[in-house]
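For reference, the structure discussed in these notes is given below.
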Amino acid sequence: MEATAAVPSRARVLRAFQSRDFRLLWTGQAISLLGDTAFVVALGWRTFSLTHSARSLGFVLALQGAGLLSTVLVGGALADRYERRTLMLVSDAARFVIVGVLVVVDATGHLAIGNLCVIAFVEGLATGFFTPALGGMIPLVVEEPGLGSANALIGMARQGSLLVGPTLAGVLYGLSGSTVVFAFNALSFLVSFGFVWATRPRTAERAEAEGTAREIRAGIRYVAGIPWLWVTISLFAFVLMAQWAPIQVLTPKLVRTHFHLGVGAYGVIFSMLGAGMIVGAVTFARLNPHRRRGLISYLIWIVNSLLVIVFALSPWYPLALAASFCRGICIGFAIAVWETMLMELVPQRMLSRVISLDWFGSFGLAPIGLLVVGAISGVAAPGTIIALGACFSILIVAGGLLSRQIRTID
């Protein structure tokens, strides 16, 4: 009986792979995401080693986030009006060139915090066009019954990159320096371009052309009329500011000053997070819940915040790794729940705009958080600041559960 039950369970997980175009899209994204996660580790450690300041790292990451936020709403409107595949191709080509410039500057010994900030900002601009187009592309290469599988598999690629990418970055950085890691990321965009080019997605239901500004306003009106959307997006703007920003800025300092370890240990933390996210995404695909999804995801985010406190205050590095792994399970499951809800419940003609508003709203305060955390990084120990942010996040998410729409949305 157990063997018989396992087959349909595995079939649910892999169902989206029946689509040729999804296989192509997934393969390209798996490679590109691997480059992205390696890049994040190299960027963080290179900035910290260049300036020996958590404040500088916060500023670089804030500019990268500000770049993304500057274009993501326009990207969402364009992706609902034009071919999403074309928008992805242009973004991949642009990011290949941008990171290629970083490779040259770093290799020639001219990298300074000023040009690093400019490159990070421009890379964020290009990513803002890609993100909503990718989210709107998935329903065009997978039939609706396979969306849960597709989101879980994309999640597994994302989390798998977090498992392999940081460790790979640590090894390459240790052996050859940051330039090689940056070059790997640039080439990953070129590979992604080739796989996206080979896809032949269905034609999307197009939004009526009203002008970019009007289309963005129409998306805002739609989100504002759906309580589970605007409540979640609004709350997570504060959660990411209070919790994600300190983790991004202060983890290098935590590893170096609290655990007295180096870039390899820094990479392993993210690898353990990625391993847990794979488990979480697979668990979602196997269970594919359709009841009380809002309540489930909010409770999972509370557990995630509790695990952040364990990670930040742990006196032992192995316990911090275990907390990262368990956090990954929570994040992988909760993200798959959210993305599947968007693709099932939001009309195709609005999907890319809603995804862009999700990114814009959720990450809207993150650059402020990155700057503030960088500014106060010397006030207290890094673990203390991270843990305080997580405590604040618990209160915010728990407050969201007061909404009946969140508790009852399926």
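The values are calculated or read from the model by the stated rules, or taken from the named source; none is laboratory data. The structure displayed is predicted, hence computed values, not measured ones. Reconstructed Cβ throughout: ideal geometry from the backbone, glycine too, with neighbour counts over all protein chains shown. Heavy atoms of the whole protein, side chains included, go into the accessibility calculation; ligands, DNA and RNA do not. Shrake-Rupley method; radii C 1.70, N 1.55, O 1.52, S 1.80 Å.
Here are the numbers for the structure shown:
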item: GLY28 vs. criteria assigned to a helix (DSSP H, G or I), at pLDDT 90 or above and not polar (S, T, N, Q); result: yes
item: Search result, residues across the range 311-341 that are part of a helix (DSSP H, G or I) and open to solvent by less than 10 Å² (accessible area, probe 1.4 Å); result: PHE311, ALA312, ALA320, ALA323, SER324, GLY328, GLY332, ALA334, ALA336, VAL337, THR340, MET341
item: Residue that is farther than 18 Å from TRP359 by Cβ, touching a Ser or Thr at 6+ places or on another chain (Cβ under 6 Å) and part of a helix (DSSP H, G or I), where the choices are ILE269, ILE278, ILE302; result: ILE269
item: In the range 55-99, the residues that are basic (Lys, Arg) and within 25 Å of LEU365 (Cβ to Cβ); result: ARG55, ARG95
item: In the range 302-313, the residues that are under 16 Å from MET272 (Cα atoms) and either in contact (Cβ under 8 Å) with a residue 60 or more places away in the chain or aliphatic (A, V, I, L, M) (or both); result: LEU307, VAL308, VAL310, PHE311, ALA312
item: Selection within the range 274-303 - in contact with a Phe, Trp or Tyr (Cβ under 7 Å, 6 or more places away or on another chain) and open to solvent by 10 Å² or more (accessible area, probe 1.4 Å); result: ALA275, THR283, SER297, ILE300
item: When residues of the range 97-123 are limited to those that are in a loop (DSSP other than H, G, I, E, B) and without any contact (Cβ under 8 Å) to a residue 40 or more places away in the chain, the one surrounded by the fewest Cβ atoms within 10 Å (Cβ to Cβ); result: GLY109
item: Search result, residues across the range 58-85 that are touching a Phe, Trp or Tyr at 6+ places or on another chain (Cβ under 9 Å) and either of a type in the set (Ser, Thr, Tyr) or without any contact (Cβ under 8 Å) to a residue 60 or more places away in the chain (or both); result: SER70, THR71
item: Of all residues in the range 54-96 being closer than 16 Å to LEU116 by Cβ and of a type in the set (A, V, I, L, M, F, W, C), the one that is surrounded by the fewest Cβ atoms within 10 Å (Cβ to Cβ); result: ALA66
item: Pick from the range 211-226, criterion farther than 23 Å from THR408 by Cβ and small (Gly, Ala, Ser), ranking: most open to solvent (accessible area, probe 1.4 Å); result: ALA213
item: Contacts under 6 angstrom Cβ, first residue in the range 158-178 being buried (at least 24 other Cβ atoms within 10 Å of the Cβ), partner in a helix (DSSP H, G or I) and charged (D, E, K, R), 6 or more apart; result: SER178/ARG46; SER178/ASP106
item: LEU351 being open to solvent by 10 Å² or more (accessible area, probe 1.4 Å) and over 14 Å from the mean Cα position of the chain (by Cα); result: no
item: Some residue of the range 386-396 being open to solvent by 10 Å² or more (accessible area, probe 1.4 Å), of a type in the set (A, V, I, L, M, F, W, C) and closer than 30 Å to LEU147 by Cβ; result: yes
item: Residue within the range 57-80 that is out of contact with any Leu (no Cβ under 7 Å at 6 or more places or on another chain), at negative phi, modelled with pLDDT under 85 and outside any helix (DSSP H, G or I) present; result: no
item: Options ALA150, ALA126; residue that is under 30 Å from LEU50 (Cβ atoms), open to solvent by less than 30 Å² (accessible area, probe 1.4 Å) and assigned to a helix (DSSP H, G or I); result: ALA126
item: Of the criteria (1) open to solvent by less than 10 Å² (accessible area, probe 1.4 Å); (2) closer than 23 Å to LEU250 by Cβ; (3) small (Gly, Ala, Ser), which one GLY378 fails; result: (1)
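Yes/no per residue for (1) free of Cβ contacts under 8 Å to residues at least 12 places away in the same chain; (2) aliphatic (A, V, I, L, M); (3) surrounded by fewer than 24 Cβ atoms within 10 Å (Cβ to Cβ):
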residue	(1), (2), (3)
GLU344	no, no, yes
ASP358	no, no, no
LEU365	no, yes, yes
ILE368	no, yes, yes
VAL373	no, yes, no
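The rows are residues; the columns are (1) of a type in the set (Ser, Thr, Tyr); (2) over 27 Å from MET341 (Cα atoms).
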{"residue": "ALA213", "(1), (2)": "no, no"}
{"residue": "ILE216", "(1), (2)": "no, no"}
{"residue": "ARG221", "(1), (2)": "no, no"}
{"residue": "THR251", "(1), (2)": "yes, yes"}
{"residue": "GLY264", "(1), (2)": "no, yes"}
